[in-house]
1. What's the ranking of 88-98, 63-73 by average number of surrounding C-beta atoms within 10 Å, highest first?
2. Give me, ordered by chain and number, the residues 5 or more places off Ala35 or on other chains with an amide H under 5 Å from its own placed amide H.
3. For region 28-179, what does the alpha-carbon gyration tensor say about shape, rounded, prolate or oblate, given a ≥ b ≥ c as the root eigenvalues, a/c under 1.5 as rounded, and a/b over b/c as prolate?
4. Normalising by the residue count of region 28-179, find the relative contact order in percent from Cα pairs under 8 Å and 6+ residues apart.
5. Can you say what percent of the DSSP beta bridges in region 28-179, counting only those with both residues inside, are antiparallel? Round to 5.
6. Could you give the nm distance between label points at Val137 and Glu168, where each point is 7 Å from its Cα heading toward the beta carbon?
7. Label points 7 Å out from Cα along the Cβ direction at Asp150 and Cys76: separation in nm?
8. Rank the residues Lys3, Lys109, Lys123 as a footprinting-exposure proxy: fewest other Cβ atoms within 10 Å of their Cβ go first.
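The numbers here are math on the coordinates, done by the rules we state, and not lab data. Source: prediction; values computed, not measured. Here the Cβ is made from the backbone with ideal geometry for all residues, glycine too, and neighbour counts use every protein chain on show.
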Amino acid sequence: MTKTILVGVAALLVVASAVLWMLRPGLRRAVGSAAPDFALQDQDGRRHQLADYAGRWLVLYFYPRDDTPGCTVEACRFRDDIGILNAHTAAVLGVSIDSSASHADFARKYQLPFPLLSDPDGKTAAAYDSLLNLGIVRFARRRTFIIAPDGRIAARFDRVRPAHHVAEVTRTLAALQSAGAGRSAPPAPE
């Protein structure tokens, strides 16, 4: 009986250690650094690259899965506040490792007025330190980056609460723009 308990505790410790190792922070893209380039297809089959957004603000948000509770709340908040973000001359792009077909269903179901980019191999999510790979399961971490018109990361959000996140992004975007277009600013609160 004692031996079984000890084996169970040891197995639990090994699993916990593996999970903590996989959740460790990776290479962190610093505010002020150049945003990694990407070339991904959206839900309509159109290709988007970082260069397509040169000269304007870009909100690039990563999310785990289409049509899940937190991801739906976050996407719908971006949808509901798209006018405010557009008034700040900011484009919005959502990114997950889901397929373009899955994105098309999700965008249609919730009438999302912005592109959802498919990153099936996770390379873009990894470049933005937003890929969580647990071996057989992998998905994009919920993170957001504000990219300035000059192509540099102006702000990053690593702890995203879907219900309040878009308001936080909007406030940060307004502060960045009033500080001077395209210049790097201190990181947004996490």
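1. Highest mean packing first, the order is 88-98, 63-73.
2. It is Arg152, Ile153, by chain and number.
3. rounded
4. Details: 292 pairs, mean separation 48.8, N = 152.
Averaging sequence separation for qualifying contacts and normalising by length gives 32 percent for region 28-179.
5. Working: 17 of 26 bridges.
DSSP beta bridges in region 28-179 are roughly 65 percent antiparallel.
6. My value for the distance between the label points is 2.3 nm.
7. In this crude spin-label approximation the distance works out to 4.0 nm.
8. Details: Lys3 7, Lys109 12, Lys123 15.
The fewest-first ordering by Cβ neighbours comes to Lys3, Lys109, Lys123.
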